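Only one structure is covered here, and it is reproduced in the block below.
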Amino acid sequence: MGKVFDAEFMISIVPTIASKLYITLWIAFASGFFALLIGFGVAMIRYFNVRVLSGISKAYISIIRGTPAMVQLLIAYYGIPIALRGLNESLGTELSVNGIPASVFAIIALSLNSGAFMSETIRGAMLAIDSGQLEACYSVNMTTWQALRRIILPQSFTNALPALGNSFISLLKETSLVFNISVIELMAQAKITASKSYRFFEAYIVVAAIYWICCFVLEQVLARIEIRVRKYERGVPQ
């Protein structure tokens, strides 16, 4: 009868599973970058209540927040090729997705998912700034863009940083879903490695430890950034 728990096996598979860490980090940071751009754009649209676009933005946020990330991932993976085929038929083009890696579809889905949540974080931080500050900027002949760049956005970024940090950490953990669309990252590599010996428990402990270490490092980096941007505020440790 085999061991109930094989610590030696667990230690031995760490390098194999960790070899796919770069894919997980690539997807997480690429998705985080595009999500921040999407979040900022949507937040600006809603902050200034841009006609038509504001309604579209509200619908986008509602759909994303009301559906599971796993479903969004599968829709992106299977839906984008279908949409391109329909576009080819209607326009007579020859667009193809055969050469596009599955990781690209993962980045698209995760960016759209996280971008919706980030947009609400950024918009909330902007709304928290006293409207009188914007009016004061106008009184000294600043343009709207100058007021945003010099006064509103720096304060909003400081206020939104903790929540945005949480979104980035959540995004890093959500990359564990992409093995469902054939992306071989940490989770997928763990399943492949464990299937050879049926030691899934040990493999999942290794994956959990790697994710925890990554999240811990990210937490420390974000904490340092927050201290730096708040260094002139009273009561913030230096």
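Please state which of the following conditions Lys3 fails to meet, knowing it meets all the rest: (1) modelled with pLDDT of 95 or more; (2) open to solvent by 30 Å² or more (accessible area, probe 1.4 Å).
Lys3 satisfies every listed condition except (1).
Got a sec? Which helices (runs of 4 or more DSSP H) wholly within segment 122-238 have at least 1 residues that are at pLDDT 95 or above, open to solvent by 50 Å² or more (accessible area, probe 1.4 Å) and among the aliphatic types (A, V, I, L, M)?
Filter on segment 122-238 gives 200-229.
Six or more apart or on different chains, Cβ atoms under 6 Å: show the pairs whose first residue is in segment 150-173 and without any contact (Cβ under 8 Å) to a residue 40 or more places away in the chain and closer than 26 Å to Ile108 by Cα and whose second is open to solvent by 20 Å² or more (accessible area, probe 1.4 Å) and acidic (Asp, Glu).
none
Would you tally the residues in segment 6-20 being within 12 Å of Tyr204 (Cα to Cα) and loosely packed, with under 10 Cβ neighbours inside 10 Å?
Residues flagged as within 12 Å of Tyr204 (Cα to Cα) and loosely packed, with under 10 Cβ neighbours inside 10 Å within segment 6-20 amount to 0.
Could you tell me how many of the residues in segment 2-18 are touching a helix residue (DSSP H, G or I) at 6+ places or on another chain (Cβ under 7 Å) and polar (S, T, N, Q)?
Qualifying residue count, segment 2-18: 1.
I'd like the residue in segment 41-50 that is in contact with a helix residue (DSSP H, G or I) (Cβ under 6 Å, 6 or more places away or on another chain) and not basic (Lys, Arg) and, out of all such residues, is most open to solvent (accessible area, probe 1.4 Å).
Tyr47
Looking at Leu84, Leu53, which one is open to solvent by 30 Å² or more (accessible area, probe 1.4 Å) and closer than 21 Å to Ala116 by Cα?
Details: Leu84 fails: closer than 21 Å to Ala116 by Cα.
Answer to the selection: Leu53.
Against the conditions (1) under 28 Å from Glu185 (Cα atoms); (2) open to solvent by 70 Å² or more (accessible area, probe 1.4 Å), where does Val71 fall short? Just the number, please.
(2)
Could you figure out which of (1) open to solvent by less than 30 Å² (accessible area, probe 1.4 Å); (2) in contact with a helix residue (DSSP H, G or I) (Cβ under 8 Å, 6 or more places away or on another chain); (3) free of Cβ contacts under 8 Å to residues at least 24 places away in the same chain; (4) not polar (S, T, N, Q) isn't true of Glu94?
(1)
The values are calculated or read from the model by the stated rules, or taken from the named source; none is laboratory data. From a predicted model like this one, the values you see are computed outputs, not experimental measurements. So basically every Cβ, Gly included, is an ideal-geometry build from the backbone, and we count neighbours across all protein chains shown. Please note that ligands, DNA and RNA were not included when accessible areas were found on the heavy atoms of the full protein model with its side chains. Shrake-Rupley method; radii C 1.70, N 1.55, O 1.52, S 1.80 Å.
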